[in-house]
Amino acid sequence: MSMPSRTLDALMLDYSEARDDERSFTAVQGSVVALALTGVALLGALANEVADGKRVPPPLVAGAPLIILCILAYGQVMGALAVLRSFYMRSLEREIRSQLELRDLADYPALRALSYAELTVSYTTLARGRGFGRFMALMIFVSLWLVFGGLTLFLALWLTPPWQIAMAVVYGGGALTIFTDTVQTNMRGRSFFHRQVALTSRRQSGSMLPSGSPTPAVSKKLLRYLVLPRPDDLVKGLFVVAGIAVALTVGRDGRPAPTAGALVLFVIAVEWLVYQSRYQWNDIRGIAEDAQAPSSAQRGRLPGGAASVPASLLTMLLRLIAMGWVVALGWPGEPRVSRADLVLLIAVPLIYGVGIAYETIRHTARLAKDSRWPNLLLTLGVVGIGYPVRFALGWWAAGGPTWNLSLGWLLVACWGLGLLFVSLTWILEFADHISSYVDGDRSAYRVSPTILSKPHLLRLATLCGIRSETSDLTGSDPVDGGDLRIISRTRFRPWCPWTVGGAVWYIAVSLSLSGLLDAAELRLWPWGLAAAVMLTLPINRRGGLLSNLAASLVFTTGVVWSLWITAPTGGLADRPAAVVTLFVVALLPSVLYLNFYFSTYRSTRAVAERAIRTAVGVLRWLALWFVGAPRRATAPTMDVRTDPKPSTPTTPPDNESAAGAMADTAAPADDQPVGDAVPVPRQAGNQSLD
């Protein structure tokens, strides 16, 4: 048999099988329509029962339309396959006609043999059809969706808001997806077929054997990222908790205290839903500059780069929808829409508004590849606003006054602390771009040109007196900037942002304490001013370690003096919570500065992940010890007959210090295995900038 004959036989066989599939599809299509109409009828009966006032479980009412949605989705999948089959059959017909050199039929001069697919599509097409077939297809499609949508909406009106939101998300999203796919496959069938052919061509050119691609690992990282984009930033929720605690302690605005469950749900919604969605948006905008970072593979940003953007955007949307569901939930003991719910609604524009302002300022510097002094000052001013926003949200949710002077000073203090956090973090990030010392001068650094994607870091280093030059050449004295304790090597300057932030904290918080604690005799503002002045004195040449310690000592002295003065009148002696608060306020800036002072950029990454791994290792060691299973480091046993000396059991090493969990900048302990836990390698994480 000749090669052309064999090719023609293969084409004819393929065409015959396609025709058989076409006949089967006609039967399936009729069954789908029948099932859909039956489901709509049953849904109408359910709607009638609900309208008559009969008690039907809400899950049943909300889930009943899901069956019809699944039938419609299956029908659309079968329809898309029918479109592909139609184009393929028409292509086969044209190829067979060219092989056989067929002419027009004798009875119909304009009609060639093997033109069945072309003939039927001219009547059923929705893209270019003008006849009755197109009209009937559209009428069936629109009528079915109108009836389904109307009944679903009617059922939703009889449910509570949480169920309504769930139905809107599921059925609205499902209907939009099916409708979009219907338009793509029917109205734009040629483009749809062309894309599928191109995809098929790429797949045919590749091997069907398993590849060693890192796709599974990327997918696993992406899944972890989508669940929790910035785990280290969850610790910033302490500002929300602090706002709640202060508002509950100093009194509310004449309102009853919210329930504990409602406040816990509020904190989760703010941090895990709203803020994490904002971080996803930041990561999407920063894909290009993150890819150029020295530790881009370990930064923990959006895995997969631009290919993962659609999944991240969808997760962002789902987070915001879930936030709306939290607002609609009626917590036991709370009104339908509580004050915490209103504050949660306000949180979205506040949080995203700060993010938009920050990204706008950064975008200006990014385009110019330079952050001029006004741009740097604006960046530093905006970047610390996220911390007072968190505190204010917690304060308002707990029923604190909408505004008073004490709240204003507290917000200023939180801004100062935020400025301290971020500026110290940015200096460590600047150090990560250092490749070597300038030849012959170990007080100056050669910086990689990748820092030009973040020009504010370069300008901040100049402001703090760090001498550097940008070059892609590594000098004769190389250094790994990611492991460089650059803050301890930086010449002290009183106008460094972290020094300014600490001074603002001491002054603002001392002005607010007497009003918050309702202790008029508590006059701490002179001590706060003295601490701020002490913080700016150049006591030591490098860093600001002694200045920070001296400032804390001065303010602590003021706290002790004030407690001693007020003791005879009762004062704060019988209020231990207030006393503890005063000492925390006095020590917080210095504790945080000390943490940064002895840290490197890499030691401040993935704090949450390392803490979790350490905890899991300890728990695993304890479990193995409890059941007496063999371990890598087992305690020696004692045989009372031969060895009277008792042995010392193996104990797990100390956990990492969590002193720097605030602001994601804890200096890690040595990563040693616990029991037979696997040693944890150092990894770079992700740092939020608000």
>> Can you report the number of residues in segment 605-623 which are of a type in the set (Gly, Ala, Ser) and crowded, with 17+ Cβ neighbours inside 10 Å?
In response: 4
> Looking at this structure, is ARG446 within 19 Å of PRO294 (Cβ to Cβ), touching a residue at least 40 places away in the same chain (Cβ under 8 Å) and not in a helix (DSSP H, G or I)?
Replying inline: no
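Table: residues versus (1) at pLDDT 85 or above; (2) buried (at least 21 other Cβ atoms within 10 Å of the Cβ); (3) not in a helix (DSSP H, G or I).
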site	(1), (2), (3)
ARG255	no, no, yes
PHE266	yes, yes, no
TRP272	yes, no, no
ARG278	yes, yes, no
ILE284	yes, no, no
ARG301	no, yes, yes
ALA306	no, no, no
ALA311	yes, no, no
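Would you be able to tell me the number of residues in segment 390-441 that are in a loop (DSSP other than H, G, I, E, B) and among the aliphatic types (A, V, I, L, M)? Spell out how you get there, then give the answer.
Kept after step one, since they are in a loop (DSSP other than H, G, I, E, B), are these residues of segment 390-441: 398-404, 433, 439-440.
Now drop any that are not among the aliphatic types (A, V, I, L, M), which leaves 398.
Qualifying residue count, segment 390-441: 1.
Within segment 377-413, which residues are of a type outside the set (Ser, Thr, Tyr) and within 21 Å of GLU359 (Cα to Cα)?
LEU377, LEU378, LEU380, GLY381, VAL382, VAL383, GLY384, ILE385, GLY386, PRO388, VAL389, ARG390
Among residues belonging to segment 101-122 that are aliphatic (A, V, I, L, M) and part of a loop (DSSP other than H, G, I, E, B), point out the one that is nearest to the chain's Cα centre (by Cα). Let's see the steps before the verdict.
Filtering segment 101-122 down to residues aliphatic (A, V, I, L, M) leaves 102, 105-106, 110-111, 113-114, 117, 119, 121.
Keeping just the survivors that are part of a loop (DSSP other than H, G, I, E, B) gives 102, 105-106, 110-111, 113-114.
Values: LEU102: 62, LEU105: 65, ALA106: 69, ALA110: 62, LEU111: 60, ALA113: 60, LEU114: 56 Å.
Checked segment 101-122; the qualifying residue nearest to the chain's Cα centre (by Cα) is LEU114.
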> Hey, any hits in segment 10-20 for a residue that's assigned to a helix (DSSP H, G or I), surrounded by fewer than 14 Cβ atoms within 10 Å (Cβ to Cβ) and aliphatic (A, V, I, L, M)?
Replying inline: yes
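Looking only at segment 613-637, filter to residues that are of a type outside the set (A, V, I, L, M, F, W, C) and not in a helix (DSSP H, G or I); which one of those is modelled with the highest pLDDT?
Just the residues of segment 613-637 that are of a type outside the set (A, V, I, L, M, F, W, C), to begin with: 613-614, 617, 620, 628, 630-632, 634, 636-637.
Those left that are additionally not in a helix (DSSP H, G or I): 628, 630-632, 634, 636-637.
Details: GLY628: 78, PRO630: 63, ARG631: 55, ARG632: 55, THR634: 45, PRO636: 46, THR637: 45.
Result: GLY628.
Can you find, within segment 537-549, the residue that is surrounded by the fewest Cβ atoms within 10 Å (Cβ to Cβ) among those that are under 39 Å from the mean Cα position of the chain (by Cα) and on the phi < 0 side of the Ramachandran plot? Spell out the reasoning first.
Our first condition is that a residue be under 39 Å from the mean Cα position of the chain (by Cα); within segment 537-549, this holds for 542-549.
Going one step further and asking which of them are on the phi < 0 side of the Ramachandran plot, we end up with 542, 544-549.
Numbers: ARG542: 12, GLY544: 28, LEU545: 18, LEU546: 15, SER547: 22, ASN548: 24, LEU549: 16.
Applying the filter and picking the extreme gives ARG542.
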> Has segment 332-342 got at least one residue that is in contact (Cβ under 8 Å) with a residue 40 or more places away in the chain, more than 19 Å from TRP415 (Cβ to Cβ) and either in a helix (DSSP H, G or I) or within 17 Å of the chain's Cα centre (by Cα) (or both)?
Replying inline: yes
>> Can you go through LEU367, LEU350, LEU378 and tell me which one is touching a residue at least 24 places away in the same chain (Cβ under 8 Å) and either crowded, with 24+ Cβ neighbours inside 10 Å or part of a helix (DSSP H, G or I) (or both)?
In response: LEU350
>> Looking only at segment 357-398, how many residues end up being of a type in the set (Phe, Trp, Tyr), within 23 Å of the chain's Cα centre (by Cα) and closer than 22 Å to ALA461 by Cβ?
In response: 1
> Has segment 399-412 got at least one residue that is within 25 Å of the chain's Cα centre (by Cα) and either closer than 30 Å to ILE466 by Cβ or modelled with pLDDT of 95 or more (or both)?
Replying inline: no
>> If I filter segment 78-96 for residues that are of a type in the set (D, E, K, R) and not in a helix (DSSP H, G or I), do I get at least one hit?
In response: no
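The values are calculated or read from the model by the stated rules, or taken from the named source; none is laboratory data. Here the structure is a predicted model, which means the values were calculated and not measured. Virtual Cβ from ideal backbone geometry, glycine too; neighbours counted across all protein chains shown.
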